[in-house]
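One structure below.
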Amino acid sequence: MFYCRCRFLLFFTLTLLLPGLGWAQQQNPKPLLITVDLKKKAQTINNFGAAGCWYAEGIGKHWPAEKKERIAELLFSREVDAQGNPKGIGLSAWRFNIGGGTAEQGDSSGIRDVNRRVEGFLNNDGSYNWNKQPGQTWFLQKAKQYGVENLIAFANTPPVQYTQNGLGFKTTKDYRSNLQPDKYEAYTNFLAEVLRHYEGKGLGFKYISPVNEPQWDWTGKFGEAKQEGTPWQNPEIARVVRALDNSLTTKKLATQIILPEAAKLTYLYGEKAPAARQTQQFFGKGSPSHLGNLKHVPPLVVGHSYFTDEGDSAIVAVRQQVADTARHYGVRFWQSEYSMLADGFREGTKARRTAMDCGLFLAKLIHQDLTVANAAAWQFWNAFEPGRAEFDTRYYLIALQPNATHTDGNYQQTKNLWALGHYSLFIRPGMHRLNINRSDKLNPVAAAQKVMVSAYTGQKGELVVVAINYEPEARNLQLAAKGMNKGTTYQRYVTTASPDDNLKRYPGGKLNQAISLPPRSITTLVVKD
């Protein structure tokens with residue numbers, strides 16, 4: 001377990017210059033002064049997480065124990081090695097896909113990629129087969145063993161036995177749910193039964209998400225469909241959530257329902273579509289789709305940061321709208337899926353982006369979601385996918401090189417993994433983000449290409465300050481933490497473009513001296529008062 005026995009813990013995710021390593025000192029000696037007050041609290045942080053789609057099944061079921069154990073350690077561990085380096089990124093949430101049964105259909109599923117066909121627990125006669133999805137279940141068990149606090153179940157489609165076309169995707173582009181109109185209760189009873197089964201195995205889910213990205217049409221040509229999925233209109237979402245709330249109550253489950261997993265953040269407050277303005281629709285008291293009075297529905301809206309990452313001004317503007325709308329309707333906000341699906345991460349260039357470029361862009365999106373949109377949780381899609389770790393690592397934390405049957409393979413850590421780890425390892429559930437003051441008075445747009453800073457505090461005096469130096473030159477930073485001794489010492493953990501600098505521990509120093517931040521890198525300082 002990663003911990004420190006001290007009165008105050010200060011974790012900076014900073015870009016830092018380490019003396020003696022040949023990093024050039026910044027010519028301007030005047031540091032950026034960051035003032036932190038532990039009493040000026042913003043949102044409470046619930047979790048940092050990732051999803052196991054689509055390759056958890058093959059890895060967990062078939063890969064050799066040594067390899068899959070190390071992958072699990074990279075994702076979930078909070079321990080350190082003999083040199084004090086973190087063994088993993090300590091995720092506090094793990095997302096589990098409740099499959100629709102397309103794997104059993106084989107080629108008749110109409111889904112092209114065999115790895116995106118997902119097994120289902122429901123048999124055609126209405127009974128259950130709990131031997132399905134063993135690979136995904138293996139990762140659930142490992143998450144639990146490592147102490148991951150939040151297990152989250154989600155479904156992309158109802159079971160194929162309940163869909164209108166008998167498939168796990170749509171074949172008619174009408175933006176309506178593929179669920180048969182008389183199967184709402186059957187679908188939600190199925191979800192509740194899956195939750196009850198896993199709770200009996202000691203793997204209780206804190207959250208269940210019954211719909212996913214309802215704005216997309218999810219249609220596909222038979223034999224070429226990409227994955228399971230179905231659209232949902234707002235009244236359909238309200239109906240399924242009400243039915244699920246009743247099913248959870250009937251089965252005496254405490255699991256909370258999260259919704260609507262909006263495909264883009266803009267659908268949470270705007271747009272014109274059958275599944276738009278979703279914060280207003282589900283939490284506006286005069287709305288016919290109001291869900292705020294249900295037992296299992298927390299005051300929370302959940303959306304995805306895809307396709308809202310093109311340019312710093314747009315990134316900030318969208319997230320300000322999310323925060324303003326959530327505040328007006330008295331709800332919290334989670335960012336539950338993001339990877340670099342669009343080309344915003346290229347930031348104007350057509351050239352390949354290095355692993356560190358991708359890691360820094362990911363850190364920036366996390367920072368903006370937390371500090372501008374006030375996200376209480378941040379989850380990545382996807383934990384692992386086939387690819388390489390050197391360039392354009394846009395889709396994954398861990399790059400896989402599987403064999404042809406996905407029963408074995410190799411894997412590589414990416415800078416994305418450690419960039420997320422600078423947040424997930426140190427900012428634990430229940431901590432609070434803090435408001436800060438910066439001496440240069442830069443707004444979120446201007447700071448996005450320079451040094452970005454955020455701060456967090458825990459229940460026992462911990463303080464976490466996360467800063468990212470986006471510039472190609474070293475920068476100096478000075479901290480003023482009210483209530484802490486200026487002579488306080490710190491430990492530091494560094495991620496740079498160097499292959500060996502992955503949240504790596506380096507010798508510490510004293511806070512009464514300016515800290516030199518290396519160009520385009522990420523570091524964590526653990527300060528002991």
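The values are calculated or read from the model by the stated rules, or taken from the named source; none is laboratory data. Computed from a predicted model, the values in this text were never measured in an experiment. Every residue, glycine as well, gets a Cβ built from its backbone with ideal geometry; the counts of neighbours run over all protein chains shown. With ligands, DNA and RNA removed, areas are computed over all heavy atoms of the protein, side chains included. Shrake-Rupley method; radii C 1.70, N 1.55, O 1.52, S 1.80 Å.
At a glance:
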| item | result |
| --- | --- |
| Set LEU400, LEU365, LEU341: member being of a type in the set (A, V, I, L, M), assigned to a helix (DSSP H, G or I) and at pLDDT 95 or above | LEU365 |
| Filtered residue count, the stretch 413-442, keeping only those that are of a type outside the set (Lys, Arg) and surrounded by 24 or more Cβ atoms within 10 Å (Cβ to Cβ) | 13 |
| The stretch 288-309, residues that are surrounded by 15 or more Cβ atoms within 10 Å (Cβ to Cβ), polar (S, T, N, Q) and more than 11 Å from ASN234 (Cα to Cα) | SER305, THR308 |
| Single match in LEU179, LEU195, LEU167 (criterion: closer than 22 Å to ASN46 by Cβ and either open to solvent by 10 Å² or more (accessible area, probe 1.4 Å) or not polar (S, T, N, Q) (or both)) | LEU195 |
| Helices (runs of 4 or more DSSP H) fully within the stretch 51-150 counting 2 or more residues that are of a type in the set (A, V, I, L, M, F, W, C) and out of contact with any Pro (no Cβ under 8 Å at 6 or more places or on another chain) | 56-62, 65-76, 134-145 |
| Conditions (1) in a strand (DSSP E or B); (2) open to solvent by 10 Å² or more (accessible area, probe 1.4 Å); (3) among the acidic types (Asp, Glu); number of the one not met by GLU261 | (2) |
| Per-region count, the stretch 411-465, residues closer than 22 Å to VAL80 by Cα and charged (D, E, K, R) | 4 |
| Residue in the stretch 282-296 that is in contact with a helix residue (DSSP H, G or I) (Cβ under 7 Å, 6 or more places away or on another chain), among the aliphatic types (A, V, I, L, M) and assigned to a helix (DSSP H, G or I) present | no |
| Pairs where the first residue, in the stretch 200-213, is more than 23 Å from ALA276 (Cβ to Cβ) and the second is of a type in the set (D, E, K, R) and not in a loop (DSSP other than H, G, I, E, B), C-beta under 7 Å, 6+ apart | GLY202/LYS144; LEU203/LYS144 |
| Neighbours by Cβ (under 8 Å, 6+ apart or cross-chain): first from the stretch 457-470, at positive phi; second part of a loop (DSSP other than H, G, I, E, B) and not small (Gly, Ala, Ser) | GLY461/ARG7; GLY461/PHE8 |
| Qualifying positions in the stretch 163-190 - within 21 Å of LYS251 (Cα to Cα) and either out of contact with any Phe, Trp or Tyr (no Cβ under 9 Å at 6 or more places or on another chain) or not in a loop (DSSP other than H, G, I, E, B) (or both) | ASP182, TYR184, GLU185, ALA186, TYR187, THR188, ASN189, PHE190 |
| Hey, ALA404 among the small types (Gly, Ala, Ser) and open to solvent by 30 Å² or more (accessible area, probe 1.4 Å) or not | yes |
| Given (1) open to solvent by 40 Å² or more (accessible area, probe 1.4 Å); (2) more than 25 Å from GLN379 (Cα to Cα), index of the condition VAL80 fails | (2) |
| Unmet requirement for THR371, which otherwise passes all of (1) in contact with a Leu (Cβ under 6 Å, 6 or more places away or on another chain); (2) open to solvent by 30 Å² or more (accessible area, probe 1.4 Å) | (1) |
| Test for GLN26: is it open to solvent by less than 70 Å² (accessible area, probe 1.4 Å), at pLDDT below 95 and among the polar types (S, T, N, Q) | yes |
| Selection count, the stretch 500-515, where residues are assigned to a strand (DSSP E or B), open to solvent by 10 Å² or more (accessible area, probe 1.4 Å) and farther than 20 Å from LEU420 by Cα | 4 |
| Residue identified as over 20 Å from the mean Cα position of the chain (by Cα), within 23 Å of GLY168 (Cα to Cα) and buried (at least 17 other Cβ atoms within 10 Å of the Cβ) among GLY106, GLY135, GLY126 | GLY135 |
| Set ASN435, ASN502, ASN469: member being within 28 Å of ARG332 (Cβ to Cβ) and of a type outside the set (Gly, Ala, Ser) | ASN435 |
| Candidate set from the stretch 348-362 (those that are not hydroxyl-bearing (Ser, Thr, Tyr) and not in a helix (DSSP H, G or I)); member that is most open to solvent (accessible area, probe 1.4 Å) | LYS350 |
